[in-house]
């Protein structure tokens, strides 16, 4: 199903280039940020995207790789400890990462803010400052000279907060803060033959690359009794929230009904119309599935509810929504309560109050490799979709937008581009019931723009008009 001739044009422009060999590496590739290239190595055509990322304490380098022996296109993130690609062919290790610091500083008095940071305490005598971060609710206590990682302000940087100094004036004390925006500018990637580790294996410090052979685990398709999607509303939600939940449930169920009727004519935003063979694989099980609904108090195990869970209503009206928001630190938008009032706050410091809502995907896994492990453990949830507002009108506005766009792809209409990731997620979910569930997120006709498992938030007003889109 994945063997589609998608890189014929790219192949015409490829020339063989030499690479330096290191140890038993098949290839050693030099990479520079913002300078993409395409090269050929044994059994694969490698497209360096020019992008570095800093995730979970380590640098990663993003590649698009076409494996010539299988015909499979995959995204590959070379890591500093090493990772096996989704074709199981190579272990990709990122080394010699060179970084660049782009610091910016600001002097803040008590309760003054900068980005999402607010100074909560300044003690000139001890040299202590307490800074809170509205993105995740964390507080940092720093003494002069201290530095602390505070999570990415941008997806491709390592962000470090430093307390440079405390200045005391007649007008009061001020903390001199420095934000170090550290980016990777170059590095080296080595590709080693995979001795038999499972697809997506993330190696750890000291892992031997030898002739060890491990049988690759296969992810079974989902049980046909599993609901296609579940909509969750708060048990004590206001009438408007319940009505909003009903709107989402009706849209999802209608989507399923149309898929059943159309059979092989399923439209996928990224893929266009699926071929007959793929449609047959996907639509056979879907005939037995439906959307379901639950109250927030009925959710016992969030990982076992459904592949996609739509949770309607904010953290006050819906306990399930509250649990998601409290459990994640990487969300592009947070609900923040200050002085008894709720706000939507983006990771960049944008702030909305009043009748605003948000549609936000919250993936259960950071990538397809973690998704594979979750499915092997029996955890079926792929993502939550939060449809919520600061008040009932904000929630209603978010539901209006989602419902209005939900059916467009399978009706042959062009949806709003901002909603494409949500609508594509819904369609790809069908693959989870096929014989190869991981095709849900590995299948692509455009390896230069693969579907990504990442948080995305769309802020809307009470009329359902898009205000801002923030990526994870």
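Brief remarks on what is shown
- Cα centroid of the range 104-131 to Cα centroid of the range 324-346, whole Å: 21
- Relative contact order of the range 101-182, pairs being alpha-carbon contacts under 8 Å that are 6 or more residues apart, as %: 32
- Distance between modelled label sites at residue 186 and residue 160, nm, 7 Å Cα→Cβ extension: 2.1
- Using a Förster distance of 51 Å, the FRET efficiency for residue 104-residue 373 (Cβ separation, nearest 0.05): 0.85
- Peptides 70-77, 103-110 ordered by average Cβ neighbours within 10 Å, highest first: 70-77, 103-110
- Label sites at residue 413 and residue 301, each approximated as a point 7 angstrom past Cα along Cα to Cβ, lie 4.0 nm apart.
- In the range 306-443 the Cα-Cα distances spread across 5 Å bins starting at 0 as 2, 9, 18, 20, 19, 15, 10, 5, 2, 0, 0 percent of all pairs.
- Cβ-Cβ FRET estimate between residue 242 and residue 341, R0 fixed at 30 Å, reported to 0.05: 0.80
- Theoretical gain in end-to-end length, residue 350 to residue 138 [0.36 nm per residue, Cα-Cα removed]: 74.6 nm
- Cα-projected label distance for residue 290 with residue 70, points at 7 Å along beta-carbon direction, nm: 3.8
- Taking a ≥ b ≥ c as the square roots of the Cα gyration tensor eigenvalues, the range 101-182 comes out prolate, since a/c reaches at least 1.5 and a/b is larger than b/c.
Readers should treat all values here as calculations from the given coordinates under stated rules, not as data from a laboratory. Remember, it's a predicted structure, so these values are computed and weren't measured experimentally. Using ideal geometry, Cβ is built from the backbone for each residue, glycine included, and neighbour counts are taken over all protein chains shown.
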